[in-house]
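Accompanying notes for the structure given below.
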Amino acid sequence: MYNITIYVVSAVCLGLLYITAVAVYNRFFHPLSNIPGPLLASWTRLWLVYRTIQRRSHLSDLSLHARYGPCVRIAPNELLISNIHYFKTIYGTDTKFSKSTWYDSIGSDESDFNLLAESNLSKYWQQKRLISPVFTTQALRQHQALLARALNTFITKFKNKANEPQDLVRWMNILALDVLTEMTWSCSPNYVLAEDDNGNCADIDRFWQHLSWIGLLPTFNRCYKRVQKLLENVGLTFLYKPDTGRLSIIQFYISQIVARSKESPELASGHRDIAGTMHNHRAMKPELKKEWADIMLLHVVGAGFDTLGATLASCISLISQTPGCQSRLVQEISDAGIDEDLEHENLKGLMYLQACIRESIRLKPVVATSMSRTIPMQGMWVEGNAIPGGTIIGMNPVVLHRSRELFGDDAGCFRPERWLEASKEQHDAMEYYDLSFGSPARSCPGKNLALMILCRTVADVFRHFSVRIIRDSEVSRLGLPAFKEASFFVYKPYNIWAEFTTREKLST
Ligand code: HEM
């Protein structure tokens, strides 16, 4: 008995000694020890995990920079920076910085196609080049009739809902699910008609919430994935959290993939939707494996629906809340005489509409946490400090997009005019340092698709409705859930209540 007590006490003391030694090393002797930041963050990565679980990085990263300056140590081996001087080195097209280990948490280990996480840059570029032609604006233009069909269903539905408070975020997610599915498969799960998202929003939130913290602990994550695999093999899947594979919309996509693969080649090549374009493109590029093409089709909704939903909701809400903005936008559509013809070719010439969309994604970017990258072996200099290779470094788009140096003193305000007033030089800079659709080296392959849907939806909504965002005081008086926002890698607003009034004429 006496011996066991001695062993336990010794083990505890050794454990404490080890933890203290690591904390002291990290704080005083680590190569990053000169970089300012919260004391606990310099000791242990658990500080960052704790902060991530609070889901407020869209606000707290701004406070961190305000307190500690442009370079903050947020974990023993991780930096958050805001100085645009380092942007090109980290995110530029020729960068040697790969995505950090956080991204390993996304996707399954069994597939060799995972654009979001791929750290082998040559493999990444090979795969991205192969799928890109399917997502060019020119290719996507062929699917505009499908986009119009999904939007018409939504507009008709909303005409019957005029003057009742509607949850804008919920509706934009539902719309995004229908629109993306319609454009991919020429059919829709009809969530708009059912007024229900079939649990997809809650499921995708759970998915991101889980990844947002577990990705910060790569070793723990690897063990977690092994246990998950083990449980799957013995049929105990209900014991762990769902991944995107269990989203009902993904099941819908899988059933479409299976149905199309049973079609004759003539039938399969005749579809005028994204899946049809992918099929025909694959026939010309045999190196594009069927599995890669199928996964990319799943990405359309997996990576696209909640990002598009949140972006649409933020955009419509910012336009509606800003005095004069809605009427100027409606006037622009009216003056262009295209209210019956909202084709992409016409909409891209509406400079105020384009400015509104740019401004809203600048202010409410979809990624609201550090877009972390790993410094290559040769290391780098940051604010006069030599930072060793292997250190993780990143910028939070929310912080970067509010840079006064880039956007002026009113960088925190929604002011679409800034895009129209800027000199060419300013405009180019504002565009270059924009992380809304990822970095120059790792940009979102769905950008053209997302922008096409955004432009048309925003124009169509304001063409048909005058939108009033209900104030917080009225929301509480009506007993509706209050506005909240959270970030768990992706930024999510909730409960933006709006009233849609049908317009008699476009100019009203
Ligand atoms: C408004 C809608 C969207 C926004 C704001 C958005 C934004 C982004 C951002 C910021 C990234 C970079 C993430 C990072 O590097 O950490 C990204 C990557 C990605 N997005 Fe999108 N996205 C949208 C819609 C879509 C759609 C519709 C698709 C599918 C076609 C898509 C597919 C992807 C994929 C596969 C990546 C990984 C690319 C890479 O790492 O290089 N996204 N997106």
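Any chance region 418-440 includes a residue that's touching a Gly at 6+ places or on another chain (Cβ under 8 Å) and more than 14 Å from the ligand (Cβ to nearest atom)?
So far as region 418-440 goes, yes, one or more of its residues are touching a Gly at 6+ places or on another chain (Cβ under 8 Å) and more than 14 Å from the ligand (Cβ to nearest atom).
Of all the residues that make up region 45-59, how many are crowded, with 17+ Cβ neighbours inside 10 Å and free of Cβ contacts under 8 Å to residues at least 40 places away in the same chain?
Adding up the residues that qualify gives 2.
Which one of the conditions (1) out of contact with any Asp or Glu (no Cβ under 8 Å at 6 or more places or on another chain); (2) more than 16 Å from the ligand (Cβ to nearest atom) does Met452 fail to meet, given that it meets all the rest?
(2)
Take the conditions in contact (Cβ under 8 Å) with a residue 12 or more places away in the chain, polar (S, T, N, Q) and assigned by TED's automatic domain parsing to the domain that holds Thr101 and apply them to Ser42. Does it pass? Please lay out each step first, then the result.
Numbers: in contact (Cβ under 8 Å) with a residue 12 or more places away in the chain: yes; polar (S, T, N, Q): yes; assigned by TED's automatic domain parsing to the domain that holds Thr101: yes.
Yes, satisfied.
Among the residues of region 358-398, count how many are more than 13 Å from the ligand (Cβ to nearest atom), under 30 Å from Ala422 (Cβ atoms) and buried (at least 19 other Cβ atoms within 10 Å of the Cβ).
3
Can you find even one residue in region 69-81 that is of a type in the set (D, E, K, R) and either without any contact (Cβ under 8 Å) to a residue 24 or more places away in the chain or in contact with a Pro (Cβ under 6 Å, 6 or more places away or on another chain) (or both)?
no
If I filter region 114-133 down to residues being in contact with a helix residue (DSSP H, G or I) (Cβ under 7 Å, 6 or more places away or on another chain) and within 9 Å of the ligand (Cβ to nearest atom), which single residue comes out as nearest to Pro218 (Cα to Cα)?
Here the residue is Ala117.
Could you check Ser111 against (1) near the ligand (Cβ under 10 Å from one of its atoms); (2) surrounded by fewer than 19 Cβ atoms within 10 Å (Cβ to Cβ); (3) at pLDDT below 95 and say which number it fails?
(1)
Please find, within region 444-481, the residue that is nearest to the chain's Cα centre (by Cα) out of those that are surrounded by fewer than 18 Cβ atoms within 10 Å (Cβ to Cβ) and among the charged types (D, E, K, R).
Restricting to residues being surrounded by fewer than 18 Cβ atoms within 10 Å (Cβ to Cβ) and among the charged types (D, E, K, R), the top hit is Lys447.
Is one or more of the residues making up region 174-193 outside the structural domain of Gly394 (by TED's automatic domain parsing), of a type in the set (Asp, Glu) and modelled with pLDDT under 95?
no
Name the pairs whose Cβ atoms lie under 9 Å apart, with the first residue in region 117-138 and farther than 14 Å from Ser443 by Cβ and in contact (Cβ under 8 Å) with a residue 12 or more places away in the chain, the second near the ligand (Cβ under 10 Å from one of its atoms) and β-branched (Val, Ile, Thr), and 6 or more positions between them or separate chains?
Between residues of region 117-138 that are farther than 14 Å from Ser443 by Cβ and in contact (Cβ under 8 Å) with a residue 12 or more places away in the chain and residues that are near the ligand (Cβ under 10 Å from one of its atoms) and β-branched (Val, Ile, Thr), the close pairs are Ala117/Ile106; Val134/Ile274.
Return a yes/no flag: does region 157-169 have any residue that is under 18 Å from His344 (Cβ atoms), touching a residue at least 60 places away in the same chain (Cβ under 8 Å) and buried (at least 17 other Cβ atoms within 10 Å of the Cβ).
Checked against the condition, which is being under 18 Å from His344 (Cβ atoms), touching a residue at least 60 places away in the same chain (Cβ under 8 Å) and buried (at least 17 other Cβ atoms within 10 Å of the Cβ), region 157-169 yields no hits at all.
The values are calculated or read from the model by the stated rules, or taken from the named source; none is laboratory data. All values reported here derive from a predicted model rather than from experimental measurement. Cβ atoms come from the backbone with ideal geometry, glycine included; neighbour counts cover every protein chain shown.
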